[in-house]
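Below is one structure, written out as structure tokens, with a few remarks after it.
The values are calculated or read from the model by the stated rules, or taken from the named source; none is laboratory data. Remember, predicted model here, so these are calculated numbers, not experimental data. A quick note on method: Cβ atoms are made from the backbone with ideal geometry, for glycine too, and the neighbour counts reach across all protein chains shown. Only protein heavy atoms, including side chains, enter the accessible area calculation; ligands, DNA and RNA are left aside. Shrake-Rupley method; radii C 1.70, N 1.55, O 1.52, S 1.80 Å.
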Amino acid sequence: MAQFNYDTHWKKVQELDGKGLLRSALLELDVISENAAKQQNEVQLLKTYIYRIKYVANLEAEKNEKDKNASWKTQTFSPTARAIMKSLQGETLQRYLENNRFQLYERTDIKGDTSTDVSTWSEARLHREITAAYEASLQDVPALKKGDIRKYEDIVEAGEGNSRKLSPNS
């Protein structure tokens, strides 16, 4: 069986993105994600999810379209990857709050609201969900301290200078 070439597929995603073909880019992400899951390549899987969040958010903004392939949400991740996903969730919700704050001021907080549609949440509910996501990202601090961050170089942008020396697990 031939080895799956992630670089080739990521180049295709970038080309489709450059042309504004987000639905086609999502289909290519599905191919990468499927292979990453089979090969248990957690970093590539995380990378596809990061791009998926971006593309789905853009498509939702254009046409209020939901992610048709939500199976990626059921993947099992290591504690480090779960922390990254929860942090991304908090960041995404925070960005939504910032971009829609004016409209959210007019909403009443509904006690016991269990809706999964973020566009119907009150400002208070968004604050609770953001806090919960960030707190969940720090749930397993000992495991996070032991994790090797070099494993995630494909999805983490390096800081200026020689900042890797400051991290105890790099």
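Here residue 50 and residue 103 are evaluated by their C-beta separation; at R0 = 30 Å the FRET efficiency comes out at 0.70.
Here the calculated FRET efficiency for residue 156 and residue 110, from their Cβ-Cβ distance with R0 = 45 Å, stands at 0.75, rounded to the nearest 0.05. Karplus-derived 3J(HN,Hα) values for region 118-134, using 6.51 cos²θ - 1.76 cosθ + 1.60 with θ = phi - 60°, are 4, 5, 9, 6, 7, 4, 4, 5, 4, 4, 5, 5, 4, 4, 4, 5, 5 Hz; glycine and proline are entered as x. In sequence order, region 23-37 has phi-based couplings of 5, 5, 5, 4, 5, 5, 4, 4, 5, 5, 4, 4, 5, 5, 5 Hz under the Karplus curve 6.51 cos²θ - 1.76 cosθ + 1.60, θ = phi - 60°, and Gly or Pro positions carry x. Excluding same-chain neighbours fewer than eight residues apart, the aspartates and glutamates reachable from residue 47 by a Cα-Cα span under 19 Å are 7, 15, 17, 28, 30, 34, 67, 91, 148, 153, 154, 157. Every Cα-Cα pair in region 5-60 was counted, and those over 15 Å apart are 40% of them. Rounded, prolate or oblate for region 98-147? Axes are the square roots of the Cα gyration tensor eigenvalues, ordered a ≥ b ≥ c, and the cut-off for rounded is a/c under 1.5. Prolate, because a/c is 1.5 or more and a/b exceeds b/c.
When 114, 8 are compared by accessible area of protein heavy atoms, the largest-first order is 114, 8, using a 1.4 Å probe.
Here the spin labels are modelled as points 7 Å beyond Cα on the Cα-Cβ line, and at residue 122 and residue 39 they lie 4.8 nm apart. With r defined as the distance between the Cβ atoms of residue 30 and residue 95 and R0 fixed at 22 Å, what FRET efficiency is calculated, to the nearest 0.05? The pair residue 30/residue 95 has a calculated efficiency of 0.35.
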